[in-house]
1. Are any of the residues in region 1010-1017 hydrophobic (A, V, I, L, M, F, W, C), closer than 29 Å to Ile1054 by Cβ and at pLDDT 75 or above?
2. Could you tell me which numbered condition Thr737 fails, if it satisfies all but one of (1) under 21 Å from the mean Cα position of the chain (by Cα); (2) open to solvent by 20 Å² or more (accessible area, probe 1.4 Å)?
3. Is there a residue in region 868-876 that is acidic (Asp, Glu), under 23 Å from the mean Cα position of the chain (by Cα) and open to solvent by 10 Å² or more (accessible area, probe 1.4 Å)?
4. Just give me the residues in region 1059-1075 being open to solvent by 40 Å² or more (accessible area, probe 1.4 Å), in contact with an Asp or Glu (Cβ under 9 Å, 6 or more places away or on another chain) and part of a loop (DSSP other than H, G, I, E, B), in sequence order.
5. Within region 1150-1172, which residues are at pLDDT below 80, crowded, with 23+ Cβ neighbours inside 10 Å and of a type outside the set (Gly, Ala, Ser)?
6. Quick check on Phe248: is it within 33 Å of the chain's Cα centre (by Cα) and either at pLDDT 90 or above or not in a helix (DSSP H, G or I) (or both)?
7. Name the residue that is farthest from Gly718 (Cα to Cα), counting only residues in region 383-419 that are polar (S, T, N, Q) and at pLDDT 85 or above.
8. Return the total of residues in region 543-562 being open to solvent by 80 Å² or more (accessible area, probe 1.4 Å) and within 45 Å of the chain's Cα centre (by Cα).
Amino acid sequence: MFLLPTVSWGILSLSLHRCSDYEMRKSPLLLRIWLVFYLAVSCYSLVVVDKRHVHLLVCDIVSFSGALLLCYVAFFKKARGGNNSNGVLEEPLLNGDGGSDEATPYSRAGLLSLLTFSWMGPLIEIGNKKPLDLEDVPQLHDSDSVVGLAPKFRTMLESSSSDGGGGGGVTTFKLMKALFFSAQWDIIVTAFYAFIYTVASYVGPALIDTFVQYLNGRRQYNNEGYVLVITFFLAKLVECLSQRHWFFGAQKAGFRMRSSLVAMVYEKSLALSCHSKQGRTSGEIINIMSVDTTRIVNFSWHMHDPWMVLLQVGLALWILYRNLGLASVAALIATILVMLVNFPFGRMQERFQEKLMEAKDNRMKSTSEILRNMRILKLQGWEMKFLSKIFDLRKSEEGWLKKYVYNSAVISFVFWGAPTLVSVSTFGACILLGIPLESGKILSALATFRILQEPYEKVLEACSLSKDLEILSFGDQTVIGERGINLSGGQKQRIQIARALYQDADIYLFDDPFSAVDAHTGSHLFKEVLLGLLSSKSVIYVTHQVEFLPAADLILVMKDGRISQAGKYNDILSSGTDFMELIGAHQEALAVVGSVDTNSASEKPALGGQEDAIGFDVKQESQDVKNDKPDNGETQRQLVQEEEREKGSVALDVYWKYITLAYGGALVPFIVLAQVMFQLLQIGSNYWMAWATPLSKDVEAPVNISTLMIVYVALAVGSSLCILVRATLLVTAGYKTATELFHKMHHCIFRSPMSFFDSTPSGRIMNRALDLIIPYEFGAVAITVIQLIGIIGVMSQVSWLVFLVFIPVVAASVWYQRYYIAAARELSRLVGVCKAPLIQHFAETISGSTTIRSFNQESRFCGDNMRLSDAFSRPKFYLAGAMEWLCFRLDMLSSLTFAFSLVFLISIPTGVIHPSLAGLAVTYGLNLNTMQAWLIWTLCNLENKIISVERMLQYASVPSEPPLVIESNRPEQSWPSRGEVRYAPHMPLVLRGITCIFKGGLRTGIVGRTGSGKSTLIQTFFRIVEPSNGEIKIDGVNILTIGLHDLRLRLSIIPQDPTMFEGTVRSNLDPLEEYTDDQIWEALDKCQLGDEVRKKDQRLDSSVSENGENWSMGQRQLVCLGRVLLKRSKILVLDEATASVDTATDNLIQKTLREHFSDCTVITIAHRISSVIDSDMVLLLSNGIIEEYDSPLKLLENKSSSFAKLVAEYTARSSSSFD
């Protein structure tokens, strides 16, 4: 009669589940309440009610199983088609790459497939046939994709903010509230599974005493043994199913919350104003996205811990009270004491974690800034100084990390020692209260304690981009490196103009659009773009080139943040002094150009053979310069390639390097020894209690009570000390390994050539971080192996037949593990590979947010972020599913092994095996499935986690630049001269073999069209690009034979992009700390910044924000001038140093250089002819070869020379009104 409703309801639930036209999203509320009540009653009847008749127990078991199925159907049944039964009311925000409304392997899985995770089978099978690529990984369903999650979370957050009162700001509480309600269904589901798991895990400990008494001959009814075996097995089955789905659901909830948070953080960072950015650096924001949101996933594992602890303690006390009576109060007191002891350590851990994250934020922020500006650091020879800054920040981080890991070792000691303390307290209370200690009750208590631990061509032509697209190896499909590294300054500016034109807007805002292009290109752009394509549009343009002003309808003159003059060109020319100052500076520059023709008498000797000359002596290649894409027989490749990832199993060498990195692996044997001793002492203590306590109060004990407790306490204390030693040594080894690997990788990265940084986005480098959980994974493998051996040993003492079953089970487990790991390993690698583009896109969005907002492209970039976020979540989602697929099957194998052992024990005659030892075997056997699954899980997880070490070792073996210092060849001075250069091993030639001599003490100007190779020539001087053949000599010294720092520290450069670092004025002028304050003030006065700095309260210690954002472009360029004035090198290079400043500032810089570097060799790259016209020599480059090289006067005498044409273009443009 009891089975009838269960069977009927079960059939009804299955019918409803399979019914194709069942579209209700949820079962009725009253039905769900009734089913929860029915399940609770079933659990109570199964565990609590006395079982005197077998049919009652069987009825309770079946009722519980039916209730479990009914609750699944009521709560977890998904409506076919979701909210949208007709399938046309909703569409995804993204096409193809985001979530999918189409059925995915998970969403279309049936009941049995969901229960057993069989929906993961096809992907794991593919992974065994070939290395998985991202294309092989199925899409996420809308319910798991950020496309569907982000709008829901945004709605929840906005509603909680509007309902919360106290303003519309987002507080921690409001954020947690929104997170909860956005994932409330997942949280409720996992809470249900966690509850079922907790209850099922205590069924075994509750029945051990009954089982021992059965083996001792006390049998309450026929077939009691088989009923107990069935109960044990069903409890294990329910425990396995609920745990696996709890873990998977928790991870899924974490993934969803992380995706929602990443989308919100991205949208917020995209909307940050310039003022707000000064309060949060890009490194901090990236850290929030990459680190803090990931911790949400980790939190999802533990979100049910608070109430689960109370439930576990309650169930444990109930079992103890049933077995030991009032002595259970001692267990409660000991448990509370353990919690109280753990509380201050938990608070300390929280504080250490907070400080650790602050230190990591600072390091990540500095690392991000340094990686962005690595080129200037290498040019100046400062990279090792800034590396030491990273190490100093890491040292501060390591201080908190050390406290964190050692505090965690203490927490681990308390965690592992808690069952020992509770058991000693409980058994001691039994002795004091006179409660008899019987082996069955002792074993039941021990088992309980163990559980407690566990415009798509006009635009191109107007912007002069057609020729550039022909030159680029892949045309308009050429991948642009980070910050446009493989484009010249002029190309970047013209691409920005073209991007603006493609918008076809009504109003255009141009901020100095012609500063980085030569005179001819600037004139072309102004005519074809502003006066041509945009002739009917409203255009507001900021410019330093006053020659473009006559064509303006209205001119606004700005001074000190205010409009000082306004009107047409001729109207304001005589109405004030500010505009006249700009015009005067421009006319002064023109006068310099015009004076060259009449100033030949002052010209210094052009060519000669002085000893201090710098010579290029390479044979000119006979190559058709018209061939802009030389066919060198090599396959052309993009500059930025897909991120490299290993394939196949992780090499044993990686494991060995990691293990031996800390103290040569000397701590490893002691860690293993400590765990072996712990396991032996723990088994010994349990064995002692099982043997030394009588089966019942009627049997005399083998030893007296005092001996029993003294031996037990001694063994328990010894095992606890072993845990303390193991935990301490493990965190010591892990901390040391992380420190060594960090230093090794960063030192190798900072010593790598510039081509590495050009082709490697900084996000990839930032993403190479060591997973701090790896030492614990190694420890977990060793611990689990030792524990599993101990369990098998104890069970084999009772039944050697366990070995016969265990051998095929182990073989099957290993086969499953190898079958699984092929796919899981590649999924784990894909997680790492897919995270870097997300970080990189995030970083570039932060730096370019103003441009993105200006073009109203927020939605497109948010869509890209969602696509990248889902690409990162996909392998993580299916990796979690693969892990549960494996663990479920291993749990089943272990449960069958345990059931076989129980059947064997009840089948043999009474008295053959000591009941206490048999009970001990059952006590350990309860953990067999957990330990076996945990072993395979930790092995697989270790291989997945060790991939982070594999990735770090990749960057720890990047080829380095030549030595910084060669002690056997320290030069007195240095300067570069000649070379045939490759930009990177897989890129076309840039310089095509040149021969020239730069005379010492002369001023040489280098000019040429955009992309002609001017900057590349300078890079060879500094050996940023190594010449592939030939030699560069300075005063007869071949610079290829000396150290890089001996070269770069003797040269000075003012780069095209003025760079300042976060810090102080002093640290920006003198990062190597070589000069006195007086020398620094002298340099500031010379570069006209002294008065500006004196106005600041902290003077030389005044703060400089990230990228020097609180300084103007002109001020930053003057700081760069101050650096070279401090350094006073004999050789100075200006790489388009005045391209972004006004003519007056340009004149100031040129005047300062002429005054203070009159006896130095000065090499100037410039688009402004006025910056090079008074040079002693001019070198004109075209397509990577020297087209002309002579004094300006001689080149101007030949009116057909390219230089003469450039000067004519500049003069014509500067004198033209463009009317």
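The values are calculated or read from the model by the stated rules, or taken from the named source; none is laboratory data. Small disclaimer: the values here were computed from a predicted structure and weren't measured. Positions of Cβ are backbone-derived with ideal geometry, glycine not excepted, and every protein chain shown enters the neighbour counts. All accessible areas refer to the heavy atoms of the entire protein, side chains included, with ligands and DNA or RNA removed. Shrake-Rupley method; radii C 1.70, N 1.55, O 1.52, S 1.80 Å.
1. For region 1010-1017, residues hydrophobic (A, V, I, L, M, F, W, C), closer than 29 Å to Ile1054 by Cβ and at pLDDT 75 or above: present.
2. Going through the list (1) under 21 Å from the mean Cα position of the chain (by Cα); (2) open to solvent by 20 Å² or more (accessible area, probe 1.4 Å), Thr737 breaks only (2).
3. Scanning region 868-876, I find no residue that is acidic (Asp, Glu), under 23 Å from the mean Cα position of the chain (by Cα) and open to solvent by 10 Å² or more (accessible area, probe 1.4 Å), so the answer is no.
4. Across region 1059-1075, the qualifying residue is only Glu1062.
5. Within region 1150-1172, His1167, Arg1168, Ile1169, Val1172 qualify.
6. On the way: within 33 Å of the chain's Cα centre (by Cα): yes; either at pLDDT 90 or above or not in a helix (DSSP H, G or I) (or both): yes.
Taking the combined requirement at face value, the residue satisfies it.
7. Ser388
8. Of the residues in region 543-562, 4 are open to solvent by 80 Å² or more (accessible area, probe 1.4 Å) and within 45 Å of the chain's Cα centre (by Cα).
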